[in-house]
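K.L.:
Before anything else, here's the structure in question.
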Amino acid sequence: LGDGRVRQKRGVVAAANGDSIGSTYRFFRVKSNDIVAQLLLSCDAITTSAADVGLYKSAANGGAVVNAAFFASAQSLAAAVSNLDITRESGVVTVANMEKPIWEALGLAADPQTEYDVVATLTAAAGSAGGIGLIGMVVGRT
């Protein structure tokens, strides 16, 4: 890849004590033709909690899950972390497809020219309250 514009996206959410499995937290939006070069997770110690981090359709497009664990699968939130790189934790973003735009990494035949939300979905309930933050380094061609 020779050219592209790098943008930094950020989002912070507050998890509440007792948030249940399946609770979702939306952080920021990316385009289907973006390449997510890096995704960094920071969080307070949210006792007993874990989450998938993936892609959902934007609310304007129905908000449905596209791939809940695109970036991370059952990532522990139980201990505080700072800028943990989860870009390739789930194995979806492999070395072979790390330079592909999101739509190609998802296995789609063509770019749907849409936007996706980067979302954490709890896979283990929150035993305490705390903040969760994501920083995304996104390469866009448009």
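The values are calculated or read from the model by the stated rules, or taken from the named source; none is laboratory data. These numbers were taken from a predicted model, which means no experiment stands behind them. Heads up, the Cβs are rebuilt from the backbone with ideal geometry, glycines too, and the neighbour counts pull from every protein chain shown. Note: areas computed on protein heavy atoms with side chains; ligands, DNA, RNA excluded. Shrake-Rupley method; radii C 1.70, N 1.55, O 1.52, S 1.80 Å.
K.L.:
In the range 114-134, what count of residues is obtained for those that are assigned to a strand (DSSP E or B) and either open to solvent by 30 Å² or more (accessible area, probe 1.4 Å) or touching a Cys at 6+ places or on another chain (Cβ under 8 Å) (or both)?
P.N.:
6
K.L.:
Moving on to the next point. Go through (1) touching a residue at least 40 places away in the same chain (Cβ under 8 Å); (2) more than 16 Å from the chain's Cα centre (by Cα); (3) within 23 Å of G18 (Cβ to Cβ) one by one and return the number of the condition E99 breaks.
P.N.:
Result: E99 fails condition (3) only.
K.L.:
So, one more: So for the range 4-13 (the condition being of a type in the set (V, I, T), modelled with pLDDT of 95 or more and outside any loop (DSSP other than H, G, I, E, B)), does at least one residue qualify?
P.N.:
Within the range 4-13 (the criterion being of a type in the set (V, I, T), modelled with pLDDT of 95 or more and outside any loop (DSSP other than H, G, I, E, B)), the answer is yes, since at least one residue qualifies.
K.L.:
V138: open to solvent by less than 20 Å² (accessible area, probe 1.4 Å) and part of a loop (DSSP other than H, G, I, E, B), yes or no?
P.N.:
Criteria not met by V138.
K.L.:
Among the residues of the range 37-60, is any loosely packed, with under 13 Cβ neighbours inside 10 Å, among the aliphatic types (A, V, I, L, M) and at pLDDT 95 or above?
P.N.:
no
K.L.:
What are the pairs with Cβ atoms under 9 angstrom where one residue, in the range 16-27, is more than 11 Å from A124 (Cβ to Cβ) and the other, located anywhere, is open to solvent by 60 Å² or more (accessible area, probe 1.4 Å) and outside any loop (DSSP other than H, G, I, E, B)? Sequence gap at least six, or different chains.
P.N.:
T24/V65; Y25/A14; R26/A59; F27/R10; F27/V12
K.L.:
If you take just the strands (runs of 3 or more DSSP E) that sit entirely in the range 44-102, which of them hold at least 3 residues that are closer than 18 Å to D34 by Cβ?
P.N.:
Details: elements: 50-57, 65-76, 81-85.
Answer list for the range 44-102: 50-57, 65-76.
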